[in-house]
Amino acid sequence: MPTTTARRARFWSAFLVLVIAAAVRLPTLTWRSLDFDEGASLHYSSLPYRDLAVHFSDLSIDRHPLLFYLLLKGWRQVADEADFALRLPAAASGMLTVALVYQIGRRRLGEATARLAALLTALNPLLIAQNQDVRMYAPAVLFATLAVWALLDVLDRPTPRLGPRLAVFALALTAAGYTHLIAATLYPAVGLMLAWELCRQRRGPSRRGPSRRAIVGGIAALGLSALAYAPYLFNILRQGRAGSGGAELSDWARMGLGAIRTLLDFQSAFNVPGNMTMLVGLLIAILVAGTVRGGRVGVPFALWFVTVLGLTLFVAVRIDFFQTKVFALSVAPLSLVAALACRGRARAVKWRDALPALALVGLTSYGLLFQWRPGQQREDFRTAAQFVEARVTPQDTVIVHLSWASYVFGHYATYPFAHPFPNNVDAATPIADLVDPYLDSEVVWLVQAGVGLKDPGGDPDRVVQRWFNERYPLITAVYPSGVDVRGYATRYRYPALPASATPLGASYSNGLIVAGHRLPEPELPTRDVWLHPPSTWAPVTLFLSVAEPLTSDVRISLLLEDETGGVWGGQIDRNADVRAFYPPVEWIPGEIVRWDFDLNTNPEIPPGEYKVVLRVVETDSDAALTLSDGRDWLILDRVRFIQ
């Protein structure tokens with residue numbers, strides 16, 4: 001029997017692994033914006049309970065099973081709508097998965113091996129990414145791991161009362177399948193694990209092996225769970241797409257290598273010569289060493305991993321669609337096999353035997369360095385919504401395209417917006433009719449995400465964007481990760497200075513008048529991270545007029561200057577600005593013309609206040625125009641930059 005000190009040491013070492021699991025999940029839970037897929041979760045979980053229950057397995061609402069949406073709907077009714085609250089169940093699922101992997105390993109592999117397996121699970125970058133996602137992958141992994149734990153508990157503790165534990169196994173397995181289709185790969189995996197145990201039992205009863213009664217009970221529970229899952233599986237087989245038909249060997253190779261990179265080198269860009277050869281070799285070494293060193297005990301875990309990974313890969317090849325998320329269901333068995341490869345069931349560890357697992361620990365830790373970098377964002381709707389909020393006025397209209405993007409954009413937007421276009425847009429779509437109600441706006445802000453998709457919907461030819469490009473000046477364009485935000489001046493000619501502008505009334509010698517200006521963001525950060533790193537853009541809107549028709553075109557120059565005249569930023573020239581639609585030489589005296597600029601700043605700009613200085617040059621002579629007092633410069637306003 002272990003001493004009290006030994007039990008305490010085991011408890012605190014296991015607890016430390018859980019603390020590590022929480023530390024790599026919770027503090028960065030809101031680092032990423034909710035993305036396109038998470039927006040779908042918000043949409044479906046907003047449907048009435050009745051709709052979700054009636055269409056639970058018929059695929060009429062979503063191709064994914066609906067259990068996750070039911071669970072998320074219930075959670076949203078007791079928690080708030082903040083990103084942290086929405087993602088907390090996924091993070092909790094991840095931490096519980098780590099605890100279950102530890103329990104599975106402790107039961108069959110020994111204390112030290114269990115801790116190593118739990119640590120590998122806790123630090124796996126692919127699993128961490130799904131544990132910070134409002135999608136069904138984290139709970140699917142949890143239910144699948146719970147099912148395996150419950151089955152092994154039945155097999156390893158053959159007590160007279162098997163019913164409650166068999167019920168937990170069957171319910172967890174069914175819940176996994178009804179959470180995500182790929183979790184159904186656990187059915188054949190569990191079947192093979194039970195077949196292995198039955199073969200062992202038939203060779204002769206073992207004092208440590210499971211009883212025939214426990215194995216038969218597990219098979220019966222597996223069958224009942226399969227019956228409960230059959231309606232959804234039948235609908236998938238009946239309505240699911242056939243995919244590309246006969247897959248080529250190259251398809252298997254391409255997706256197989258992608259799966260290995262996803263599991264061993266997720267997002268870390270471990271691009272060294274021969275890296276894929278090393279990754280394939282590492283996986284083979286882990287499987288062989290784990291199976292050999294684990295002996296009869298290691299075979300079920302290898303079967304679990306190979307079956308789930310192989311069938312997941314088969315589905316990906318069959319439908320010709322590779323998605324990294326689905327391979328998260330292979331992480332738990334891989335961690336157990338890798339821990340076995342390192343330690344086996346022995347107390348002593350030989351460095352030679354530990355090399356494969358140590359290499360996996362190294363890759364895992366290296367991958368974490370890349371987990372929370374700006375380039376790893378998917379669709380950054382949060383930044384897009386914040387950008388539009390800083391620029392939009394009551395006279396503007398915000399249009400979101402595709403309509404699917406409206407679900408997650410609406411999670412962040414605190415202002416009204418429209419989504420008039422269908423999800424499938426082509427040359428036959430009546431764009432003019434759909435946008436006509438919004439063309440009285442001063443600016444239309446077009447927020448696009450997912451337009452490059454072709455299936456199930458999209459606007460791959462950018463029909464909507466081209467329609468606006470052909471008709472209205474572009475005032476700005478920014479590109480948060482996966483999102484495209486453009487402002488179009490649908491009203492750029494005014495009979496009078498807009499009330500939102502700051503009046504100036506400065507006249508130049510050629511008759512040009514700076515009637516006013518607008519500074520949408522008078523305070524900005526010195527550096528940008530999400531929109532156009534590392535530089536910040538300072539927006540400036542000019543409202544110009546002419547006292548008489550211009551005889552020569554003019555060129556505008558806007559600079560950010562400090563008090564000594566040092567230049568820290570200048571305008572970005574755009575070919576599609578107002579000049580392309582209404583050149584200054586065509587302006588009519590008395591009307592006001594809007595002209596928008598972005599000033600690109602030096603990323604090393606010190607915090608402080610900077611002048612926005614305007615200069616105007618006559619294009620033909622390249623001569624600077626002067627004001628009535630002889631100056632060739634005009635300070636429009638000041639912008640404050642903060643650290």
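The values are calculated or read from the model by the stated rules, or taken from the named source; none is laboratory data. The model shown is predicted, which means the values in this text are computed figures rather than measured ones. Because the Cβ atoms are built from the backbone with ideal geometry, glycine has one as well, and the counts that use them run over all protein chains shown. These area figures cover heavy atoms from the full protein model, side chains too; ligands, DNA and RNA do not enter into them. Shrake-Rupley method; radii C 1.70, N 1.55, O 1.52, S 1.80 Å.
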Phi angles of the range 548-553, converted by Karplus (6.51 cos²θ - 1.76 cosθ + 1.60, θ = phi - 60°) into ³J(HN,Hα) in whole Hz with x for Gly and Pro, give 8, x, 6, 8, 9, 5
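Based on DSSP H runs of at least 4 residues, each adding -39500 (n - 2.57), what is the mean residue ellipticity at 222 nm of the chain after dividing by all its residues, to the nearest 500 deg cm²/dmol?
Calculated from helices alone, the mean residue ellipticity at 222 nm is -15000 deg cm²/dmol.
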Inter-site label distance for ALA230 and ARG107 at 7 Å from Cα along Cβ, in nm: 2.8
Rank VAL141, ASN131, LEU249 by how far each Cα sits towards the positive end of the charge dipole of the chain (+1 on Lys, Arg Cβ; -1 on Asp, Glu Cβ) and give me just the farthest. VAL141
Take the Cα of PHE314, step 7 Å along the line toward its Cβ, and report every residue of the range 153-188 whose backbone nitrogen sits under 12 Å from that point. 185-188
Amide H within-cut-off set for GLU591, under 5 Å, with H built and near neighbours excluded: VAL546
Heavy-atom accessible area order for TRP304, TRP196, TRP75, TRP12, largest first, 1.4 Å probe: TRP12, TRP75, TRP196, TRP304
Taking H placed 1.01 Å from N in the peptide plane, check which residues at least 5 places from ASN424 or on another chain put their amide H under 5 Å from its amide H. GLY458
Vicinal HN-Hα couplings computed from phi for the range 377-386 (Karplus, 6.51 cos²θ - 1.76 cosθ + 1.60; Hz; Gly/Pro x): 5, 8, 8, 8, 5, 4, 5, 4, 5, 5
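For the range 328-477, give the magnitude of the charge dipole about the Cα centre (Cβ charges: +1 Lys/Arg, -1 Asp/Glu; no others), in debye to the nearest 20.
Values: 13 positive and 14 negative charges, 329 e Å.
My answer is approximately 1580 debye.
Relative contact order for the chain using alpha-carbon pairs under 8 Å, separation at least 6, rounded to a whole percent? Walk me through the numbers on the way to the answer.
Details: 1142 pairs, mean separation 68.5, N = 643.
RCO, the chain: 11 percent.
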Express the carbon and sulfur contribution to the solvent-accessible surface of the chain as a percent, rounded to the nearest whole number, probe 1.4 angstrom. 60
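Considering only the other residues whose Cβ falls under 12 Å of the Cβ of ALA302, what net charge follows from Lys and Arg at +1 and Asp and Glu at -1?
Values: positive: ARG293, ARG296; negative: none.
Neighbour charge sum, excluding ALA302 itself: +2.
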Each residue of the range 5-19 in order: what ³J(HN,Hα) in whole Hz does its phi give by Karplus 6.51 cos²θ - 1.76 cosθ + 1.60, θ = phi - 60°, with x for Gly and Pro? 4, 5, 5, 5, 4, 5, 4, 6, 5, 5, 5, 4, 4, 5, 5
Full extension from ARG7 to ILE642: what is 0.36 nm times the residue separation minus their Cα-Cα distance, to one decimal in nm? 223.3 nm
Cα centroid separation, the range 485-542 to the range 358-377 (Å): 42
